[in-house]
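Everything below concerns the one structure shown next.
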Amino acid sequence: MLLIASDMKSTEGIRLAFKFGDWSPTQAQWMLASRCIQSEEKDRIGKFVFKKDAKAAMAGRLLLRKVVSDHLDIPYQAIKFSRSEKGKPMLTNPLPDGYIKDFSVNISHAGDWTVLAASFDSPVGVDVMDINAPRGSQSVSAFFRLMKRQFTPIEWTFIQGATSGSKQMARFYRHWCLKESYVKALGEGIGYDLQKIEFRCVSEDLHVGHMVTDTGIYLNGKQDVNWLFEESMIDTCHCVATAINTEKKNATYSPVSFKEINFEELLRTAVPFLEEDLSYWTAFNQKQERPGVR
């Protein structure tokens, strides 16, 4: 977890979303962005084959730095992240006395979006998914057979109870988001046994502009009431779930909606600290947007 000053704990949390799928970086934007992240992250992003993946990763690093810069007493250019053994970002800056280990932050990207969730007093995890048809040429039923072991019988009954293939896929990815958000809040990696986690949805479907928080989590068949799940559709094609541990929350806690920000807002408090690198833009600009798309 990250660290935050105790006098800021009254804030419920932060939810930010950047639609990198609609971002066509200019030379000036990409070069500025690349000067505002750590050199090792810049190198890692530069290795992506497609623009889409590079943009998603760049947005994630900039969102992390924005939140730390905006809410912690650390100069932007001094912020240092490392990664845990399981790949989770970790703030490595030493902080003065009076700071407590209660600030948690998590990012996710899929489809057209990169999202960030942060909590000032509890573990948090977030996941976003594109709810469109299964990847490749598989039918919905063939895809479900392949993924059968990822969900419990109760979950599959709910998923396959939808009235169309597209709605079944939406429920499938909704459950995937829920499980990923919980595992990420725990700080666990890909190897976590998803069969141990069962979600029981009260609200049948998600809709744009409406958040639901009535889904329950069951661990080995027993409900865990210490977790809250904020679910919504960030647009008509993407669902998002935020997992929050509520043990330290009081009864007045209000769920937090996602706020979409643009490139200017993303870098509003940024301070470039790396040298300009024209070759970085040249290499990026020569890549395909995604497979089969220039």
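Computed from the coordinates by the stated procedures, all read-outs in this text should not be read as laboratory data. Since the model is a prediction, treat every value here as computed from it, not as a measurement. In this analysis, Cβ positions are derived from the backbone assuming ideal geometry, glycine residues included, and neighbour counts consider all displayed protein chains.
Can you pick out the pairs among Lys51/Lys196; Lys222/Lys248; Lys148/Lys259 whose Cα atoms lie more than 32 Å from each other? Let's see the in-between values first.
On the way: Lys51/Lys196 36 Å; Lys222/Lys248 21 Å; Lys148/Lys259 34 Å.
Result: Lys51/Lys196; Lys148/Lys259 exceed 32 Å.
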Put a dot 7 Å past each Cα toward the Cβ at Tyr192 and Val271; how far apart are the dots in nm?
3.6
Using Cα positions and a limit of under 16 Å, work out the aspartates and glutamates in reach of Lys80, with same-chain residues fewer than 8 apart set aside.
Glu40, Glu41, Asp43, Asp70
Is there a quick way to get the dipole size of the chain? I mean about its Cα centre, with the Cβ of Lys and Arg at +1 and of Asp and Glu at -1; what is the value in debye to the nearest 20?
860
First check a/c for the range 203-292, with a ≥ b ≥ c the square roots of the eigenvalues of its C-alpha gyration tensor; if it is under 1.5, answer rounded, and if not, answer prolate when a/b is larger than b/c or oblate otherwise.
prolate
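Can you tell me how the chain classifies by the Cα gyration tensor, rounded, prolate or oblate, using a/c under 1.5 as the rounded cut?
Working: a/c = 2.03, a/b = 1.23, b/c = 1.66.
It is oblate, given that a/c is not under 1.5 and a/b is not larger than b/c.
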Could I have the simple spin-label model distance between Arg200 and Ala142, label points 7 Å from Cα toward Cβ, reported in nm to one decimal?
3.6
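How would the range 149-277 be classified by its alpha-carbon gyration tensor: rounded, prolate or oblate, with rounded meaning a/c under 1.5 and the a/b versus b/c comparison settling the rest? Show your work: numbers first, answer last.
Values: a/c = 1.76, a/b = 1.55, b/c = 1.14.
It comes out prolate by the Cα gyration axes.
Using a simple charge model, +1 on the beta-carbon of Lys and Arg, -1 on the beta-carbon of Asp and Glu, nothing else, what dipole does the range 128-234 show about its Cα centre, in debye to the nearest 20? Mind showing how you got there, number by number?
Numbers: 12 positive and 12 negative charges, 87 e Å.
Computed about the Cα centre, the dipole is about 420 debye.
Could you sort the peptides 177-188, 70-81, 267-278 by per-residue average Cβ neighbour count (10 Å cutoff), highest mean leading? Can you show the working numbers first?
Values: 177-188: 21.7, 70-81: 15.3, 267-278: 13.6.
Descending packing order for the listed peptides: 177-188, 70-81, 267-278.
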Report the Cα centroid-to-centroid distance between the range 116-191 and the range 204-256 in angstrom, as an integer.
14
Within the chain, helix-based [θ] at 222 nm, where runs of 4 or more DSSP H residues each add -39,500 (n - 2.57), nearest 500
-9000 deg cm²/dmol
Farthest toward positive dipole pole in the range 133-223 [+1 Lys/Arg, -1 Asp/Glu at C-beta], among Leu146, Asn220, Leu178:
Leu146
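If we sort 124-130, 243-249 on the protection proxy, mean other Cβ atoms within 10 Å, highest first, what's the order?
On the way: 124-130: 24.6, 243-249: 19.1.
Top to bottom by mean Cβ count within 10 Å: 124-130, 243-249.
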Once R0 is set to 25 Å, what does the formula 1/(1 + (r/R0)^6) return for the Cβ-Cβ distance between Lys222 and Tyr253, expressed as a FRET efficiency to the nearest 0.05?
0.60
